[in-house]
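Worksheet: the structure to be examined is printed underneath.
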């Protein structure tokens, strides 16, 4: 059976994360993902990859971990994901504690989607140079994994450096939550094989993919598996795609390509708008899973 989730920009003017989590769990969704931006610089030169005008919700999002904690408190089975955590905006020791705490308090339900970000000015406000963003991400993810897995964890790199530390609780999930890498460059697949657990690309509408710079999802899955095997990793990588619309034939095509989880996109709107769309997505999932 395929897994189906939903993703939203959680804002003060949209359906509350706890209400959405209850509704999604009641409709059989496997996961709820929320976005992250700590802020949007008021003066920004970096173009938004999605188009001309940056949508309002980018500067209005709740902290994802606070939002997911409220969701965890009122649910029991739905998985709690970030789509995505901008690793370049976090201290790895603090983030390791936050993720482990949420995983422990939710009974092991966290999925950690990660990325480096696109906004040059935003990450500069966090002291990260755009050219170094992927090297920073790599070390911070590896450092968090070390903290999750070692009683007295230490890490020594170019961007992260600390002597042995004690940091508890440890995550419920052995080794820590799955780390899903949200990127689609030619370097993505080796990065997943080295320090990730799966691929987490954003969905492109096929009718507009050429203008956006098309991602070949089937080829990306093949290259991920190839890099995974070359790195000696056991088991199977996770393949999740997010931002999918209410198009059942497209969902079936994505599953046929090899994705095991499809995450539908929700607007940052009130319950009267979101819940009917949630029902529509649930019916697509039910039709596919029988």
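In this structure, does residue 236 turn out to be surrounded by fewer than 14 Cβ atoms within 10 Å (Cβ to Cβ) and within 21 Å of residue 79 (Cα to Cα)?
Working: surrounded by fewer than 14 Cβ atoms within 10 Å (Cβ to Cβ): yes; within 21 Å of residue 79 (Cα to Cα): yes.
It is true that residue 236 is surrounded by fewer than 14 Cβ atoms within 10 Å (Cβ to Cβ) and within 21 Å of residue 79 (Cα to Cα).
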For this session: Check residue 248 against each of (1) out of contact with any helix residue (DSSP H, G or I) (no Cβ under 9 Å at 6 or more places or on another chain); (2) surrounded by fewer than 18 Cβ atoms within 10 Å (Cβ to Cβ); (3) over 26 Å from residue 52 (Cβ atoms) and name the one condition it does not meet.
Result: (1)
For this session: Restricting attention to region 274-290, report how many residues are surrounded by 14 or more Cβ atoms within 10 Å (Cβ to Cβ) and more than 17 Å from residue 203 (Cβ to Cβ).
Result: 4
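Sort through 29, 33 and tell me the only one that's in contact (Cβ under 8 Å) with a residue 60 or more places away in the chain, assigned to a strand (DSSP E or B) and at negative phi.
Working: 29 fails: assigned to a strand (DSSP E or B).
The unique qualifying residue is 33.
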Seminar exercise, completed: Selection over region 1-26 where residues are in a loop (DSSP other than H, G, I, E, B), farther than 16 Å from residue 285 by Cβ and in contact with a helix residue (DSSP H, G or I) (Cβ under 6 Å, 6 or more places away or on another chain) yields a count of 3
For this session: Specify the residue that is surrounded by the fewest Cβ atoms within 10 Å (Cβ to Cβ); the eligible residues are those in region 36-67 that are without any contact (Cβ under 8 Å) to a residue 60 or more places away in the chain and touching a helix residue (DSSP H, G or I) at 6+ places or on another chain (Cβ under 6 Å).
Result: 65
For this session: Go through region 218-250 and count every residue that is over 17 Å from the mean Cα position of the chain (by Cα), within 30 Å of residue 279 (Cα to Cα) and touching a residue at least 40 places away in the same chain (Cβ under 8 Å).
Result: 4
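Values quoted throughout were computed directly from the atomic coordinates according to the rules given, and no laboratory measurement underlies them. Owing to the predicted nature of the structure, the values given are computational and were not obtained by experimental measurement. Note that we place each Cβ from the backbone using ideal geometry, even for glycine, and neighbour counts take in every protein chain shown.
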